[in-house]
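Let me begin by presenting the structure, written as C-alpha cells, before commenting on it.
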Amino acid sequence: MGIGPSTKETSLHHFRDPLVDIVGSDEGIDLMGVLLFGTADDNVDKIRNSTRAAIVAECMRADGVIVSSDGWGNSDVDYVNCVKELGERDIPLSGLNFSGSMATFVVDDPNLKNIVDICKNPEGIESDIVGENNMTAEDVKKALMILKIRMKEKEMRSKK
C-alpha cells in the first residue's frame, strides 16, 4: 500500500501545485505556510510526526488547515491522527486524500467528513496511469470551500 503510479505526483505537478496556487491566491485566506512530513514505518513515529504537525498549526495560531496526502492505506494512520489532533485542538480543517473504491480510511475520526477524495479512476482503484489520481484544481476548490465553511462555523460558535 502507499504511493502508486496513479497517486504519484510528477515533478511538474509539484511546480504547479494546485493547492498552493489556489489557496495562495485566494484573497480570503492568508496562507501562512506549507508543512511537509513523511510517513514513518513505525506506528509510534507515525503518531509522533502527525501530532507534532497539529502542534505546529496550533502554535502558529492557524485559523484553519488543509491536510493533504499522496499516500493511502498505511499512510492513513498518520493522516487520520493528524486530522484527529487538529480536531482536538479545535482547528477547522479540510483535506485531500485518495480513498477510491475503499471509500473509507483504515482508521476513523468524525472530522474525516471534511476530506475530499481525489480518486479519478472510474472504477475507484489505484491504476497504472501516472498522475490519474492526484489532486486537481477542482479538488482543491472543494477542500477550500469546506475549510471556509468550517472556519465560519467556528467563528459563529465563538460569538455565542
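None of the figures in this text is laboratory data; all of them are computed from the coordinates on show. Owing to the predicted nature of the structure, the values given are computational and were not obtained by experimental measurement. Heads up, the Cβs are rebuilt from the backbone with ideal geometry, glycines too, and the neighbour counts pull from every protein chain shown.
Things worth noting here:
- Filter on K46/K141; K46/K142; K113/K142; K113/K141 - keep pairs with C-alpha separation over 23 Å: K46/K141; K46/K142
- As a rough footprinting exposure proxy, the listed residues K46, K120, K160 were ranked by other beta carbons within 10 Å of their own, and the order from fewest upward is K160, K120, K46.
- Taking V80, V44, V140 in turn, the Gaussian network model of the chain (Cα-Cα springs below 10 Å) assigns the largest fluctuation to V44.
- Computed about the Cα centre, the dipole magnitude for the chain is approximately 720 debye when only Lys and Arg (+1) and Asp and Glu (-1) carry charge, each at its Cβ.
- Top positive-direction residue, dipole computed over the range 11-159 with Cβ charges, set M145, N133, T51: M145
- Here Cα extents along the principal axes in Å was computed from the coordinates, and among (1) 67, 25, 20; (2) 50, 34, 31; (3) 50, 36, 25 the match is (3).
- In nm, spacing of pseudo-spin labels at E138 and E88 (7 Å Cα→C-beta vector): 3.7 nm
- Counted without the sites themselves, the longest stretch of the chain free of GluC sites (Glu not before Pro) in a DSSP loop having at most 12 other beta carbon atoms within 10 Å is 28-122.
- Sites K154 and K113, calculated FRET efficiency, Cβ-Cβ separation with R0 22 Å, nearest 0.05: 0.90
- Integer Hz, Karplus 6.51/-1.76/1.60 couplings in order for the range 144-160, x for Gly and Pro: 5, 4, 4, 4, 4, 5, 5, 5, 5, 4, 5, 4, 5, 4, 6, 7, 6
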